[in-house]
Amino acid sequence: MTNLALTRIHDEFEALPPALQRAAHWVSEHPAEVCFLSMREQARRADVVAPTMSRLAQALGYDGFRALQDDFREHASWGRADFAMRARRMQSPSGRARSTGPGLAQLQTANVEALTALNDPERFVRVAIRLLKAPLTAFLGFRSCHSVALHAHYLHSMLVGQGVLLNDGYGTLTESVAGLPRRSVIVAIGLSPYSRQTVEAVRRAADEGIAVVALTDSELSPLARAASERLLFEAASPSFFHSLLGAHALVERLMAEIASRGGRAVLRRLAAREALLAETRAYWRREGRKADR
């Protein structure tokens, strides 16, 4: 489900003039609108003149804006916003539901397989080493991505400890970020449409010299562009909502790298966690048999 136009934008972005960069950034953030809005309306929303959209298409290798728009329509990314529009597309005019099962299963498989294509193995190594060395790792994700942040924090607590799950209770997210110790790392998870809280927290952290690792859906995402390291996932889905399977698989891949590189410290941490779980009878036991997990 990789959109050829988005790939070209990523590859050519830094070489584009400022006006084309502004147009390219808007296009990458609003793929659904690219499919249906007129070129003039898209230019208005991107805050550029209409010919700029045409020049962007030509700079990306298309004959014109219509060709770029056709590419977006052919590879419509079902991992973005416009949830009502997506649900409407799932429904037939007769009112009978259309089957999404086979398509969803195929895309979920593709999202997991995309991790290898999107991320050089060295990225996982660098991030794993950074998290192993950090005095504190803070995990950040809001809305749908909160479950991914929670997943990452839980696995990290088993392997390393010295981690916190950031939230905005009582509106104190800013203070929580500002209070992080030196050499801390924030692992920020987000996908389009990006949570305002996550983006603002990441930008503040970067301004204060706190290292940010972004787990996100695009090299052009505001999280990726503020991060010192980034790992990417696909979120394509035929349903009304984006798929988080790729994001969760990315977390598991990263934590597996940490487990393999953590040495005796990770083994001691895991042994202590297992002893605590046994002591507190965390897992249900069938009477007279060993613990079932």
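The values are calculated or read from the model by the stated rules, or taken from the named source; none is laboratory data. None of the values given here were measured: they were computed from a predicted structure. Cβ sites come from the backbone with ideal geometry, for glycine too, and all protein chains shown count toward neighbours. Each accessible area value is taken on the protein alone, full model and side chains, heavy atoms only, with ligands, DNA and RNA left out. Shrake-Rupley method; radii C 1.70, N 1.55, O 1.52, S 1.80 Å.
Does Leu244 satisfy being crowded, with 20+ Cβ neighbours inside 10 Å, closer than 24 Å to Val125 by Cβ and within 11 Å of the chain's Cα centre (by Cα)? Against the criterion (crowded, with 20+ Cβ neighbours inside 10 Å, closer than 24 Å to Val125 by Cβ and within 11 Å of the chain's Cα centre (by Cα)), Leu244 does not qualify. Does Arg225 meet the test of being free of Cβ contacts under 8 Å to residues at least 24 places away in the same chain and either of a type in the set (S, T, N, Q) or surrounded by 15 or more Cβ atoms within 10 Å (Cβ to Cβ) (or both)? Against the criterion (free of Cβ contacts under 8 Å to residues at least 24 places away in the same chain and either of a type in the set (S, T, N, Q) or surrounded by 15 or more Cβ atoms within 10 Å (Cβ to Cβ) (or both)), Arg225 qualifies. Residue-level check: of (1) modelled with pLDDT under 80; (2) open to solvent by less than 60 Å² (accessible area, probe 1.4 Å); (3) over 18 Å from the mean Cα position of the chain (by Cα), Asp82 misses just (3).
Residues Ala282, Ala205, Ala249: which one is open to solvent by less than 50 Å² (accessible area, probe 1.4 Å) and either at pLDDT below 95 or touching a Pro at 6+ places or on another chain (Cβ under 6 Å) (or both)?
Numbers: Ala282 fails: open to solvent by less than 50 Å² (accessible area, probe 1.4 Å); Ala249 fails: either at pLDDT below 95 or touching a Pro at 6+ places or on another chain (Cβ under 6 Å) (or both).
Answer to the check: Ala205.
Here the condition is being open to solvent by 60 Å² or more (accessible area, probe 1.4 Å) and either of a type outside the set (A, V, I, L, M) or under 26 Å from Ala105 (Cα atoms) (or both); of Glu274, Glu234, Glu257, Glu219, it holds for Glu274 alone.
Of the residues making up the stretch 8-57, those that are modelled with pLDDT under 90, outside any helix (DSSP H, G or I) and over 17 Å from Pro222 (Cα atoms) are Leu37, Ser38. All told, His156 falls short of being open to solvent by 70 Å² or more (accessible area, probe 1.4 Å), modelled with pLDDT of 90 or more and either outside any loop (DSSP other than H, G, I, E, B) or in contact with a Phe, Trp or Tyr (Cβ under 7 Å, 6 or more places away or on another chain) (or both). Taken over the stretch 228-281, residues that are touching a residue at least 24 places away in the same chain (Cβ under 8 Å) and out of contact with any helix residue (DSSP H, G or I) (no Cβ under 9 Å at 6 or more places or on another chain) amount to 0.
Every residue, every condition in (1) open to solvent by less than 30 Å² (accessible area, probe 1.4 Å); (2) in contact with a strand residue (DSSP E or B) (Cβ under 8 Å, 6 or more places away or on another chain); (3) without any contact (Cβ under 8 Å) to a residue 12 or more places away in the chain; (4) of a type outside the set (S, T, N, Q), yes or no:
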residue	(1), (2), (3), (4)
Gln108	no, no, no, no
Val112	no, no, no, yes
Thr116	no, no, yes, no
Asn119	yes, yes, no, no
Arg126	no, yes, no, yes
Leu131	yes, yes, no, yes
Pro135	no, no, no, yes
Leu140	yes, yes, no, yes
